[in-house]
Amino acid sequence: MMTLYTAIGTYKLNAKGLPTVVSGSRECGMVASELLLWSSLSFRILTYQELRKKFYEQERELHILDEMDFDHYLNRLMMRGLVVSGKDVTGADALYNLLGHLHVQPVPDGWLEKVLSFAKLTLFRKMPAAKAAGVFHSEKLEPMEKQILTLVKNQTLSTAELIRCTENGQTTIKSNDELMECLYSDEDSDCEKLVMEGRFSGIRYTVLSAVANLYMKQRIVFQLV
């Protein structure tokens with residue numbers, strides 16, 4: 001049996017300059033060890049063993065001493081909905097159980113966001129300009145990855161909904177009416193049914209791979225809705 005984990009939400013500093021994670025409409029504060037574990041999963045999908053190893057390596061590197069162990073913080077973050085898991089016999093099925101119900105949200109990738117990021121790195125964090133220029137670099141996207149980004153440009157869609165859109169040949173979703181017509185035109189259709197049906201779709205591996213790659217390329221984040 002394989003279990004995969006990933007992080008939910010986005011990192012930000014709140015008005016008081018304290019680290020928080022924004023998940024949906026919630027702004028969640030964290031203690032140092034929680035933030036360390038969450039950041040270990042941000043833009044990563046890891047097994048339990050990989051995550052545990054990474055957590056303790058970073059604790060030692062940052063000289064963090066804590067009475068609580070890894071499992072305490074992992075369970076706490078999962079209860080708060082800031083870390084999620086998917087389990088199954090095969091890696092592909094575990095990945096679907098992890099991502100199928102998660103909603104995909106694009107990371108801002110405009111020129112203004114990159115310029116602001118560059119300024120923060122060079123002016124406030126004193127990072128060399130040559131290294132900070134990495135914020136302007138974007139990895140090349142595959143056709144399916146581009147299609148996923150187009151689909152979530154105007155609507156926040158779950159991975160299961162993205163699978164159904166692809167099955168129906170839908171390349172853009174511009175309104176709620178268009179969303180309902182494409183995904184929920186049948187009276188008995190709902191989110192849970194789409195997740196269940198997506199498990200048996202012939203294109204689920206293609207869409208799952210594209211979603212996972214976009215996440216690791218830091219082009220999307222996951223949200224629970």
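The values are calculated or read from the model by the stated rules, or taken from the named source; none is laboratory data. As the structure is a prediction and not an experimental result, all values here were calculated from the model. Virtual Cβ from ideal backbone geometry, glycine too; neighbours counted across all protein chains shown.
For this structure, a couple of remarks:
- Unmet criterion (only one of (1) outside any loop (DSSP other than H, G, I, E, B); (2) among the aromatic types (F, W, Y); (3) closer than 20 Å to T156 by Cβ) for F43: (1)
- Criterion (among the small types (G, A, S), modelled with pLDDT of 70 or more and more than 30 Å from T3 (Cβ to Cβ)) met by exactly one of G169, G100, G134: G169
- Considering L74, L82, the condition of being buried (at least 18 other Cβ atoms within 10 Å of the Cβ), in contact with a Cys (Cβ under 7 Å, 6 or more places away or on another chain), hydrophobic (A, V, I, L, M, F, W, C) and closer than 28 Å to S158 by Cβ is satisfied by L82 alone.
- Top-ranked residue in the range 15-36 [being in contact with a helix residue (DSSP H, G or I) (Cβ under 8 Å, 6 or more places away or on another chain) and either of a type in the set (A, V, I, L, M, F, W, C) or outside any strand (DSSP E or B) (or both); ranked as farthest from E57 (Cα to Cα)]: V21
- Just one of the listed residues (K12, K54) is part of a helix (DSSP H, G or I), basic (K, R) and touching a Ser or Thr at 6+ places or on another chain (Cβ under 9 Å), namely K54.
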